[in-house]
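Read the structure below first, then the notes.
The values are calculated or read from the model by the stated rules, or taken from the named source; none is laboratory data. In this text the structure is predicted, and so the values were computed from the model without any measurement. Just the protein is used for accessible areas: all its heavy atoms, side chains included, with ligands, DNA and RNA removed. Shrake-Rupley method; radii C 1.70, N 1.55, O 1.52, S 1.80 Å.
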Amino acid sequence: MGNDEYKDKIEQARQELNKLALEHGMQDVRVLRQSVKLDALLNEYSDCNTEKDDQLY
């Protein structure tokens, strides 16, 4: 997956997290699940960029 695709997915996940938090409150299990999904996407994006940086050396 390319950087732009990751950024789009991350933004969609962030917007969904904000929507769920506003609708159900920060303690709702749906908010927690979405937060975990967003964290996973951010970690994948970070790992992908770290691997590219490592290849430069």
Normalised contact order of the chain, rounded percent, pairs of Cα under 8 Å and 6 or more residues apart = 36 percent
Given [x] 6.2; [y] 3.1; [z] 3.9, the label whose value is mean projected area of the Cα convex hull in nm² derived from this model | [z]
Rounded to 10°, Cα long-axis angle of helix 29-55 versus longest principal axis of the chain | 10 degrees
Can you give the angle from 0 to 90° between the axis of helix 3-24 and the longest principal axis of the chain, with both taken from C-alpha atoms, to the nearest 10?
-> 10 degrees
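Send over a whole-number figure in Å² for the accessible area per residue of segment 6-51, probe 1.4 Å. Each step should come with its number before you reach the end.
Values: 3360 Å² over 46 residues.
That works out to 73 Å² for each residue.
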With a 1.4 angstrom probe the carbon and sulfur portion of accessible area for the chain, in percent, totals 50 percent
